[in-house]
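Reading through the structure tokens given below for one structure.
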Amino acid sequence: MKTKTIALAVAAALLGVSGQALAQADSVLAPKAEKAPDRWTIIHAGTLMAEAGKPVAKDASIIVKNDRIEAVRPGFVGAEAIGNGVTAANVAIVELRDKFVMAGLIDAHVHVGAGDLTAALRNAREKVMGGATIVRDAGGTPEIIFPLRDAINKGLVVGPRILASGAPITTTGGHGDFRNGNFQASLQPPAFSSGVCDGDGECAKVTRRQIQLGADQIKIIDTAGVVDDSYTGLDQQFTDAELHAIVDAAHLMKRKVMAHAIGAEGIKAAVRAGVDSIEHGNYLDDEGAKLMKAHGTYLVPTLEAPTDVLRRVRNPKPGDRPISENTRMKVLGMPEAQPDGIGRQVKVALRNGVTLAVGTDFGGTPGDEMVLMVRQGGMSSAAALRAVTLTNAELLGISAKAGTIEPGKSADIVAFDGNPIDQIEASTRVVYVMSQGHQFKAPGFQLP
């Protein structure tokens, strides 16, 4: 094939044949790929919650064709329910008769693409094995996260469906400027693919560049942060004009904007600029929550993040990522460092009617996050399960594809050992995962 292609290229050059004609000739001579046979799976669910908030069904069957849900039937059916000549030999039956089955969990804040490729591959695997069938990546290396997303969608790599932000949009020296703490790196200009910008014109251009590279949404670093090696407070870093320029540029190109926002005034500035979601919201106050409610802005509290970093500061373990002195000072001054501080912003959001979504940040599973939102933040288990499916799908703009188990939706399905409505901790006991029709975890089956 390589020799044939080279020969065609030489002939094209000699004859002045266009590149389009060469491509057509190559496609004509290439062997025709045979259509793969349909993949059929029938899942026998002892307890099925097809949509969070609606009554569960007992003893139901989910019929999956390739990457889509074909049908949901009462009782435990076999291949005969498919018809069209499909035989039992062509159908995989998954027995979950004593399990709780529901739509795949959606994680609205992860960093799969942070670090190198090996770390990204490991992160993607860990996320899907923890029950996340769809994730919204909140900022990473464009050269890693975009190809990884595409490889997963083609079934080449283990992982959840990824909605990728690319590089986070940040000020020079801001929380998302990964040169912070490295003097030699800070002497160099930011990479072409980075999201570092200053001034409303440059920030609009950098936003458009991330979209050109493939961003599904835009991540903006509205305020200072905690885990970067800098000490610049915890509030607003972009000017109001820069914030509006970024949001306007993204929305004009049909991309939503998620805003890392910790300080109270920075949260309000981001909401006024029109962001779609506030991430973290540690210092959220009632004024800010009322503003979020009025603007329809979602809150993704990521309680797993402060829980983990506080543990690493107070009780470090061998193998933990190192904590800089700047980070240590910031962490110990956070609301979460106070007694009963974890979940404070969830309580503020709940009493003001703010819509809550579920995201984990750098570690943990959606189940871990829901446990914190319920036990520390005061959400009900039913509300948390709705948030991790329906609400997250709405936030990500994928309600037509995901969030429920019904015909036509993506085959994103999870099962737990136990009922998470009765006890939210059951959501951490994931025993089955199917994402886009690919089975990654099942009783008696484990990926190598």
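The values are calculated or read from the model by the stated rules, or taken from the named source; none is laboratory data. Note that the coordinates shown come from a computational prediction; the quantities given were computed from them, not determined experimentally. Cβ atoms come from the backbone with ideal geometry, glycine included; neighbour counts cover every protein chain shown.
If we scan the stretch 416-433, do we find a residue that is assigned by TED's automatic domain parsing to the domain that holds residue 297, under 26 Å from residue 121 (Cβ atoms), in a helix (DSSP H, G or I) and not acidic (Asp, Glu)?
No: zero hits.
With respect to residue 425, is the statement that it is within 25 Å of residue 217 (Cβ to Cβ), crowded, with 16+ Cβ neighbours inside 10 Å and of a type in the set (Asp, Glu) true?
So residue 425 does not fit the description; no.
Within the stretch 199-219, work out how many residues are under 11 Å from residue 245 (Cβ atoms), of a type in the set (D, E, K, R) and not in a helix (DSSP H, G or I).
0
Could you look through the stretch 134-148, keep only residues that are in contact (Cβ under 8 Å) with a residue 12 or more places away in the chain and surrounded by fewer than 24 Cβ atoms within 10 Å (Cβ to Cβ), and pick out the one that is farthest from residue 176 (Cα to Cα)?
Across the stretch 134-148, the extreme among qualifying residues is 146.
Inside the stretch 295-331, can you point out the residues that are over 18 Å from residue 261 (Cα atoms) and in a helix (DSSP H, G or I)?
Initially, the stretch 295-331 is screened for residues over 18 Å from residue 261 (Cα atoms), giving 308, 310-326, 328-329.
Listed by number, the residues that qualify are 308, 310, 311, 312, 313, 314, 325, 326, 328, 329.
For the stretch 241-269, which positions are part of a helix (DSSP H, G or I) and within 29 Å of residue 332 (Cα to Cα)? It would help to see each step written out before you state the result.
Going through the stretch 241-269, the residues part of a helix (DSSP H, G or I) turn out to be 241-252, 264-269.
Within the stretch 241-269, 243, 264, 265, 266, 267, 268, 269 qualify.
Sort out which residues of the stretch 160-185 are touching a residue at least 60 places away in the same chain (Cβ under 8 Å) and under 30 Å from residue 39 (Cα atoms), and write them in order of number.
160, 161, 163
Among the residues of the stretch 307-329, write down those that are crowded, with 17+ Cβ neighbours inside 10 Å and in contact (Cβ under 8 Å) with a residue 40 or more places away in the chain.
Hits for the stretch 307-329 are 307, 308, 309, 326, 327.
Looking at residue 175 and the list (1) crowded, with 22+ Cβ neighbours inside 10 Å; (2) within 30 Å of residue 433 (Cα to Cα), which single condition is not satisfied?
(2)
Quick one: which of 291, 284 is touching a residue at least 12 places away in the same chain (Cβ under 8 Å) and closer than 19 Å to residue 369 by Cα?
Values: 291 fails: closer than 19 Å to residue 369 by Cα.
After ruling out the rest, the residue left standing is 284.
Of the residues 359, 363, 378, which is of a type outside the set (Phe, Trp, Tyr), within 15 Å of residue 128 (Cβ to Cβ) and either assigned to a loop (DSSP other than H, G, I, E, B) or without any contact (Cβ under 8 Å) to a residue 12 or more places away in the chain (or both)?
Working: 359 fails: within 15 Å of residue 128 (Cβ to Cβ); 378 fails: within 15 Å of residue 128 (Cβ to Cβ).
On inspection, the qualifying residue turns out to be 363.
Suppose we filter the stretch 381-400 for residues that are part of a loop (DSSP other than H, G, I, E, B) and touching a residue at least 60 places away in the same chain (Cβ under 8 Å); how many remain?
Here the count works out to 2.
Within the stretch 425-443, can one find any residue that is in contact with a helix residue (DSSP H, G or I) (Cβ under 8 Å, 6 or more places away or on another chain) and modelled with pLDDT under 95?
no
At pLDDT below 95 and either crowded, with 24+ Cβ neighbours inside 10 Å or over 30 Å from residue 425 (Cα atoms) (or both): does that describe residue 204?
So residue 204 fails the test.
Looking only at strands (runs of 3 or more DSSP E) that lie completely in the stretch 54-133, which have at least 1 residues being surrounded by 17 or more Cβ atoms within 10 Å (Cβ to Cβ) and free of Cβ contacts under 8 Å to residues at least 24 places away in the same chain?
Qualifying strands (runs of 3 or more DSSP E): 57-65.
Could you please give the count of residues in the stretch 272-319 that are within 21 Å of the chain's Cα centre (by Cα), of a type in the set (A, V, I, L, M, F, W, C) and closer than 21 Å to residue 377 by Cβ?
Total meeting the criteria: 6.
Do you know which residues across the stretch 270-287 are surrounded by fewer than 22 Cβ atoms within 10 Å (Cβ to Cβ), outside any helix (DSSP H, G or I) and out of contact with any strand residue (DSSP E or B) (no Cβ under 8 Å at 6 or more places or on another chain)?
If the condition is that a residue be surrounded by fewer than 22 Cβ atoms within 10 Å (Cβ to Cβ), outside any helix (DSSP H, G or I) and out of contact with any strand residue (DSSP E or B) (no Cβ under 8 Å at 6 or more places or on another chain), then 283, 285 are the ones that fit.
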